[in-house]
1. Rule-of-thumb check for the stretch 612-843: C-alpha Rg over 2.2 N^0.38 Å?
2. With the other protein chains left in place, how much accessible area per residue, in square angstrom, belongs to the stretch 394-500 at a 1.4 angstrom probe?
3. Over the alpha-carbon set of the stretch 18-230, divide Rg by the Kirkwood Rh and report the Rg/Rh ratio to two decimals.
4. Taking R0 as 60 Å, what's the FRET efficiency between ARG438 and ALA413 from their Cβ-Cβ distance, rounded to 0.05?
5. In whole percent, how big is the carbon plus sulfur part of the accessible area of the stretch 18-230, probe 1.4 Å, protein atoms only?
6. Multiplying the sequence separation of ASP505 and ASP26 by 0.36 nm and subtracting their Cα-Cα distance, what value in nm do you get?
7. Would you mind working out the accessible area per residue for the stretch 612-843, using a 1.4 Å probe, and quoting it in Å²?
8. For the pair SER764/CYS210, report the inter-label distance in nm, with labels modelled 7 Å from Cα in the Cβ direction.
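The values are calculated or read from the model by the stated rules, or taken from the named source; none is laboratory data. What you see is a predicted model, and the numbers here were worked out from it, not measured in a lab. Every residue, glycine as well, gets a Cβ built from its backbone with ideal geometry; the counts of neighbours run over all protein chains shown. Just so you know, the surface numbers come from the protein's heavy atoms only, side chains and all, with ligands and any DNA or RNA stripped out. Shrake-Rupley method; radii C 1.70, N 1.55, O 1.52, S 1.80 Å.
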Amino acid sequence: NKNCIKKREHSSILHSQVEVYSVMVDCKVTARFAHTVMTSQALNHANYSQEIFFEVELPKTGFITNFSMEIDGQVYAGEVKEKEKAKKQYEKAVSSGQTAGLVKVSGRKMEKFSVSVNIAAKSNVTFVLTYEELLQRKLGQYEILIRVKPKSTVQKFQIVANIYEPQGISFVDTHATFLSNELLPLVEKTVTDKKAHISFSPTTEQQRKCPDCDETLIDGDFIITYDVKRVQTLGDIQIVNGYFVHFFAPPDLPRVPVNVVFVIDRSGSMSGRKMIQTREALLAILNDLHEDDYFALIQFDSTIDSWKESLTKATKENIADAMVYVKQIQDRGGKEKTKHHYQAKRIPEQSIDMVILLTDGMPNSGEIQENVRSAIEGSMSLFCLGFGNDVDYSFLDVMSKENKGMARRIYEASDATLQLQGFYEEVSSPLLSEVDLRYPDNAVDFLTTNHFDRFFNGSEIVVAGRLTDNQLDNFMVEVFGQGFEEEFKAQGQATTVDWGVIYPDEEYIFGDFTERLWAYLTIQQLLEKSKTGTSDEKANATKEALDMSLRYNFVTPLTSMVVTKPETEDGTESPLIADKLTEGKEGFQKALSKNGCGQSFLVPCGLDGDPHFIIELPDRDDALCFNINSIPGTIFNLVRDPESGILVNGQTIGDKKISPSGVINTYFSRFGIIHRTLGVRMEVSTQDISVLQDGKWVKLLWSDQASLKGPNMDLLVTKDHSITVTLKDSVKFVILLHKVWKNHPYHRDYLGFYTLDSHLFSSSVHGLLGQFYHGINYEVTDLRPGEVPEKPDATMYVKGHELNVTRGWQRDFRRDVKNGQNVPCWFIHRNGTGLIDGDVTDYIVSGLFKTV
């Protein structure tokens, strides 16, 4: 994505006899600092109490500052507390499952805030959520993206944005994905020199999708982009109430040539679509190189290959040769540490060196981190592009920032090529290096970062600080940097501007925005510092960030917002705890395997019946399920963990004959389990259980009540019911036997398979079941009637796919092997296509103990 995106969603409240009668988004931007308030109001028309849900998306870069619910005149407000103290305070409620995490991962740049509350008959509820963030300039503009999905028409629907920029506004554009010719005139935009006002407020009739229905046209993204005027080389400085902020993005600077080395991971895990998209992106990026740039191409796995032994000038001829080379890059084997030195010839004296690394994983991270640091020695920038959901993003982020660069996650989706191109476009045009912004020591203190390794075209440098004297209304500012052909230097006087003169009718609304902007920026930078340095430096940065988060009421990774819901009918209170998610592997992927207080949970996965696969997600109180239709006798890989050596395969069996309905059902009838490290091998069928122990096969019958204890595995057989397999210091499997009347005309005995302690698998675990053991990121929207009244359809966004799913249930037989227990789940059609990685045929293997 080329631009800084700012998103919100009002998918709001869904339930029968619940009317959402007001949805409002109010965004105020004051010198890039955005303050957004989202409000929804709903009424329970029923004669009985109902649970009402409020959901909204906010950017991952935003900090929640306030949340409240007003129910029948009583306000329930959230309180920001230290995360660990909140966790301990509500430990009892957490352990009994009474709390709910309010914030979940939602797509690439968003977090979904959700809360539910029980509302009495004929009662109203008003939800209000507020958050703040500093808009970032990318590729020459700021972007506010408001995602609206109210699901049905709303009596009062309104989006209002007011932008105040004393520097002057150069342009404002507005559009939306859902704007028809009829809705387009309803967008009101008023732009003066220093203020823009945008509003969109369609009536109920104008929202209506069809004359006699409640479906709404309002479904998509409402987008505002703008930039400010840039006349002064020194930039723009705002002084308000004892704090200042300095925006630096000088116009008309010449581009500094770059010497760029592209390092491409070609290990086996980069196979298929990842490698295709990498090649496509490299071809496009090579085409965009400037002729005064120099470049090199390296591919690595356990060995290193380079296109040429020195940096090459980006002439048309060299670019054409490089494109031929790129088209031949293929994925290969394993991945090891990478270190390569280049001898460059005749490169421009004033140029900037950068390495762009693209990988989907990073083993031996400590060793690589040290190798990279010693090889670069502060002389170049390292940009790390992490491909996919499983990449160790936190490691890439720290390593790149230690080496004057940054990291970016590239999502596995159809637009991955565009993501890679967009990232390169951001960093391909450096204008300055080693930028210092200096202020008098006796005038300002508590400065945010004021030295920057690089300044790129289309971006902006922001520095904020506190004045030592609140009455001070001017001070000297100097900026130094290295440009293309000469050193850059600018200086001037920062003076207080009277906002009351610029905005005479609105002076009262600005308040302490510079102070809050300074606090926001300081906290963000302290959180970054807490990842690097000595243990004392990390601890100090963490403490400072926590103190400021509490002082300014920001929900950050160190704090939680605790909301005490009204008492329920049984007299209990259930606190809700909203945590700030972090990026990285932990935040992106494992946030889905934690509840609101950060405690780990298990992801119980299993299969049973006509292979019905079910993935339970306790933190979301939800489950996903899919069926596999196969030819009887097919063997599927269910679990494969190369690090621990665990392999589980299963073979299907069909009905005795086709039923009168014309359908032949298939079930699992045999499982093969291997733990190579422990030397364990066993086969389980509907007839018996065979275990390899001490080099000999031992056979047990289902009619036995038996236990088998060995040095590496315990086995417990419950007669004609189940087997529990416990691997030493590892996971536990439960296999259920479903016995069918032997004279049944169609059905046969079959097996069910369930995994416990799935969190003990390594991060590289895969297979039809294994790929879900560490959670899965998905979003469900647009609930609508399905073919069966009690089974509604919805749209699911998962792994870059948009799927039509159906709300249904599958039976979990662990507690009741005869009747099972219905588990509500989202059913993914067509053999789980879009949910599972690849196609179901990719999981077929040639034998019960084979990997291919």
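1. That works out to 1.06 for the stretch 612-843.
2. 43 Å²
3. 1.00
4. Details: r = 44 Å, r/R0 = 0.73.
Step by step, r from the Cβ atoms, then E = 0.85.
5. Details: 3920 of 8410 Å².
Summing carbon and sulfur atoms, their accessible area is 47 percent of the total for the stretch 18-230.
6. Details: separation 479, 0.36 × 479 = 172.44 nm, distance 1.86 nm.
Length difference between fully extended and current span is 170.6 nm.
7. Values: 10700 Å² over 232 residues.
So the stretch 612-843 comes to 46 Å² accessible per residue, rounded to a whole number.
8. A separation of 5.3 nm, rounded to one decimal place.
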